[in-house]
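Structure, as structure tokens:
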């Protein structure tokens, strides 16, 4: 997926895949969603978010709702908060480096 936001390109094909969070429902469930954290070569972070018709990522067309995809740009502090919440400690440290105990 490629999206231009504020005259900057965000492309899942060229960015580094860092981690994924899903609500573990079947892909066919209208409530299914997933968020994938990426880092661009210049260090910028973003999420590729997708989900079914009953999620905040749904597309709306008139009275109809369907599968949706979005790119959400994150500051480094936001990416760290997302990773703390959705990834393991090992995955977090692989991305952001060791933290003090």
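The values are calculated or read from the model by the stated rules, or taken from the named source; none is laboratory data. Predicted model, so just to flag it, every value in this text is computed and none were measured. Every residue, glycine as well, gets a Cβ built from its backbone with ideal geometry; the counts of neighbours run over all protein chains shown.
Figures for the structure shown
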| quantity | calculated |
| --- | --- |
| Matching residues, segment 41-77, being assigned to a helix (DSSP H, G or I) and touching a strand residue (DSSP E or B) at 6+ places or on another chain (Cβ under 7 Å) | 76 |
| Selection status of residue 54, touching a residue at least 12 places away in the same chain (Cβ under 8 Å) and surrounded by fewer than 16 Cβ atoms within 10 Å (Cβ to Cβ) | yes |
| Inter-residue pairs, beta-carbon under 9 Å, first free of Cβ contacts under 8 Å to residues at least 40 places away in the same chain and on the phi > 0 side of the Ramachandran plot and in segment 8-27, second surrounded by 12 or more Cβ atoms within 10 Å (Cβ to Cβ) and in a strand (DSSP E or B), 6+ apart | none |
| Lone unmet requirement of (1) closer than 16 Å to residue 1 by Cα; (2) part of a helix (DSSP H, G or I) for residue 83 | (1) |
| Residue tally, condition in a helix (DSSP H, G or I) and surrounded by 14 or more Cβ atoms within 10 Å (Cβ to Cβ), over segment 86-101 | 6 |
| Residue 74 vs. criteria in contact with a helix residue (DSSP H, G or I) (Cβ under 8 Å, 6 or more places away or on another chain) and modelled with pLDDT of 95 or more | yes |
